[in-house]
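Structure first, then comments.
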């Protein structure tokens, strides 16, 4: 097992003071290195940074960047100027640095990160200092079985989808470096964060101390086991959903030895039982699709029974890849260089395993779950359009989920009695042939939660345009029937169908 961090509370306080004094923030690092150089570093190219570093005067910020962005050795004098209350030997003994003759280098990564989160109404983001194992461009080797990952795209996506609620209790299942729990800690009075790896929990606890977060309780154990009989108002998780081919060792931060997507199935089935009444959950999921089957089959099978018992669920499939693409993706993610013998062996293991179990594709997406409230509804949808502004995404998905769950459970007569309100930012676009008054095509363009255009007929466009919360759908349908000189009941039925089809798009909400 790799070493843990052994910083004492006093040392963490001294480290925080050094980082703060050096202004070790993402904005300052970007200003020092330049955005283009910083992007090149993340891709593993050091030439631009080394060229720029040669011209920079000595400073604590430069030393921190040399350590944690370039992985470069620094001198004792540079360290003592930067960490005025800590000696290089203390940082080495604590697992932060490595000693090499008269120089020292980073043993772990320590990065300033800023993550979009609509819960922060002032800036739309939160900033943290986070310990993790060495970033990919610094490690230059395959990851260890107990690797502690930093902040990746999946983590950012999960956080941006969290509803900006204020709740009493929250839980983070599979906390990793702890950052999802930190965002929950801004929403909840009490947070429980779990992880199977004791080393990962060590990093998460140190990160919490470094960022002065005191309302998280860290517990070791498999998925929900550490929660016991507790229930929560808000639950988030990026579980280890990566499929591990039979016979290959699993990397604990992303996968288990359970076959295929068995862990995700177990997680998804158990999740609803850990929510309070009106509780919400957001999780990232991945699932297998078998030959001749629909992409919605497996999440539907996992959730249909619990949805009937507990509430509503919305599964959003964001991507679907074939076995070869999946094999290449996760071989590379683990630090195995493509084209090597190790990579070829791992990819063949994936392909053999998928073929044996008749897996045709693998889906990636997210799950939104609400306990109680409206009539139970399970909605599984394929959405390829990009998400909108991550600083507003959580609110937009929350509104779309509530609207979709509510509308889907209504009869035609109940929809006709509902008053809709067009969402802010929605635009109507019309395509005209020059010289003709009537449009050839009409679209409604949304910016949240998805950047997507929705085609609309004349009646639909008129109905949405009139949806300001004053008139019911039925009243609008009656007025349009007179204008278009069509059968009122037929138009009402048509508009009810349209309202259901657009319920999860975020184009409108239902007025109270």
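The values are calculated or read from the model by the stated rules, or taken from the named source; none is laboratory data. Predicted model only: the values in this text are computed from it and were never measured. All Cβ positions, glycine included, derive from the backbone under ideal geometry; neighbour counts span all protein chains shown.
The table for this structure:
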quantity: Count of segment 7-35 residues which are touching a helix residue (DSSP H, G or I) at 6+ places or on another chain (Cβ under 7 Å) and either in contact (Cβ under 8 Å) with a residue 40 or more places away in the chain or assigned to a helix (DSSP H, G or I) (or both); calculated: 15
quantity: First in segment 258-271 and under 17 Å from residue 353 (Cβ atoms), second anywhere and in a helix (DSSP H, G or I), Cβ under 6 Å, 6 or more apart; calculated: 265/302
quantity: Top-ranked residue of segment 460-470 - restricted to ones that are surrounded by 17 or more Cβ atoms within 10 Å (Cβ to Cβ) and out of contact with any helix residue (DSSP H, G or I) (no Cβ under 6 Å at 6 or more places or on another chain), ranked as farthest from residue 318 (Cα to Cα); calculated: 467
quantity: Count of segment 88-124 residues which are assigned to a helix (DSSP H, G or I) and in contact with a strand residue (DSSP E or B) (Cβ under 7 Å, 6 or more places away or on another chain); calculated: 3
quantity: Condition check for residue 257: out of contact with any helix residue (DSSP H, G or I) (no Cβ under 6 Å at 6 or more places or on another chain) and in a helix (DSSP H, G or I); calculated: no
quantity: Filtered residue count, segment 143-153, keeping only those that are in contact (Cβ under 8 Å) with a residue 40 or more places away in the chain and either surrounded by fewer than 16 Cβ atoms within 10 Å (Cβ to Cβ) or not assigned by TED's automatic domain parsing to the domain that holds residue 126 (or both); calculated: 1
quantity: Number of the exception - residue 491 against (1) modelled with pLDDT of 95 or more; (2) surrounded by fewer than 12 Cβ atoms within 10 Å (Cβ to Cβ); (3) farther than 26 Å from residue 380 by Cα; calculated: (2)
quantity: Subset of segment 162-199 that is outside any loop (DSSP other than H, G, I, E, B) and over 19 Å from the mean Cα position of the chain (by Cα) - its residue that is nearest to residue 272 (Cα to Cα); calculated: 169
quantity: Matching option when the condition is closer than 22 Å to residue 3 by Cα and in the same structural domain as residue 145 (by TED's automatic domain parsing), among 228, 176; calculated: 176
quantity: Total residues in segment 308-328, condition surrounded by fewer than 16 Cβ atoms within 10 Å (Cβ to Cβ) and closer than 21 Å to residue 241 by Cβ; calculated: 5
quantity: Residue match in segment 430-442 (condition: surrounded by fewer than 18 Cβ atoms within 10 Å (Cβ to Cβ), in contact (Cβ under 8 Å) with a residue 12 or more places away in the chain, in contact with a strand residue (DSSP E or B) (Cβ under 9 Å, 6 or more places away or on another chain) and within 30 Å of residue 398 (Cβ to Cβ)); calculated: no
quantity: Residue selected from segment 46-87 under the condition under 32 Å from the mean Cα position of the chain (by Cα) and in a loop (DSSP other than H, G, I, E, B), by the criterion surrounded by the most Cβ atoms within 10 Å (Cβ to Cβ); calculated: 69
quantity: Residue within segment 415-425 that is part of a loop (DSSP other than H, G, I, E, B) and more than 24 Å from residue 443 (Cα to Cα) present; calculated: no
quantity: Filter result (surrounded by 17 or more Cβ atoms within 10 Å (Cβ to Cβ) and not in a helix (DSSP H, G or I)) within segment 346-372; calculated: 359, 361, 362, 363, 364, 365, 366, 367, 368, 369, 370, 371
